[in-house]
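Working notes, beginning with the structure itself.
Derivation of every value follows stated rules applied to the coordinates shown; laboratory data play no part. Please read all numbers here as calculations on a predicted model, not as lab measurements.
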Amino acid sequence: MQLVGIARLAAQSELLEAKRKVEYFEIPTRSLLNRSKPNMPFRWTINPYRGCEFGCKYCYARYAHEFMELDAHAFEDKIYAKESPALLLRHELAKTPKADAIAIGTATDPYQPAERRYQLTRSILEVFAKERGWHIGLITKSDLITRDLDVLAEIAQRNVFNVHITVTTTDEKLARLLEPRAPRPELRLQAVQKLRSAGICVGVNANPVMPGITDSEQSLDRVARAAKEHGAFTLGGGPLYLPLAAQKVFLPFVEQEFPDLAARYKKVFEASVYLSKPYKEALSERVRRIRERYGLAAGIIEYRPELWAEEEQLDLFDTLKS
Ligand code: SF4
């Protein structure tokens, strides 16, 4: 079979390093900013890596490896580091309107283990640290983010910048099952605290909320309480979404670990990759109530970055002089 496009690039990529079962490759990239679907709260996404070593059982992004003619499990074993992302970003920002929101880490975790070595996420953040006036979001479930507190704080002074830390459950054992190689929930919550102390607008996302596994009032309440105690401003909780590539991993996992739920999961997701409208509405109402209980906000917080205010002061001085 003749491989084309991204599948051909993946097949030709140079092997950088092999560790355990995980292999790292470098992949040429034509553009870093990818346009998001129209119903998303951001216009552009940035994912410095393809594949994610954390290997969450529910990960919807596994389809990305199928584009490269790789199977859904390879998503966590073959990690592709994009070439020269900072250079690409500088060029692309020059052509992008500042009103367009940009989200980092929508399809792979920007602070997965590969980041310790390749530092692609840091290089991207360093570009944003020299910019001003952008609306930027970053999503991760790794406490490695605290390595970059210096550059994150700089971004927050000149841009509207929201960090979202994912905590699906505070139960360490359950988290280990669901997210086998991601940092423990407690480490993620400590990262929330450090981000808050550094002046960064940080929230906790319980996404994806999984029926019968993490969607109980008690489970979501524990996440919300921990989020509040560690200084989060916002709480999110969206429903599980399982495209076919993700079903190949998640449904056998449910059968093995939650056999009582397996038949219902199979029936629901055979009919659609989305959960039903009544389920989504009931979940949204539950999350709204819990959020209110702890005085947490929803979604993205708009705030005036420190240096915007300073600029206004300087503008006034200029007026007095003339
Ligand atoms: S951290 Fe995110 S991208 Fe990585 S495997 Fe988990 S859900 Fe997928």
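Summarised in one figure, the compactness ratio Rg/Rh of segment 146-212, Cα atoms and Kirkwood Rh, is 1.04.
Considering only the Cα atoms of segment 13-152, their convex hull presents on average a projected area of 8.6 nm². Applying 0.36 nm per residue to the separation of residue 186 and residue 294 and subtracting their alpha-carbon distance, the gain on full extension is 37.0 nm. Seen from every direction in turn and averaged, the convex hull around the alpha carbons of segment 240-294 projects onto 4.6 nm². Solvent-free Debye calculation, one equal scatterer per alpha-carbon of segment 101-256: log10 I(q)/I(0) at 0.10, 0.11, 0.12, 0.19 Å⁻¹ equals -0.36, -0.44, -0.52, -1.20. Within the listed set 176, 30, 222, the residue fluctuating most in the Gaussian network model of the chain (springs between alpha-carbon atoms under 10 angstrom) is 30. The Rg/Rh ratio for segment 88-174 is 0.99, where Rg is the radius of gyration of the alpha carbons and Rh is the Kirkwood radius. Rounded to two decimals, the Cα-based Rg/Rh of the chain, with Kirkwood Rh, is 0.98. Among bridges DSSP assigns within the chain, what percent are antiparallel (round to 5)? Percent antiparallel among DSSP bridges in the chain is about 25.
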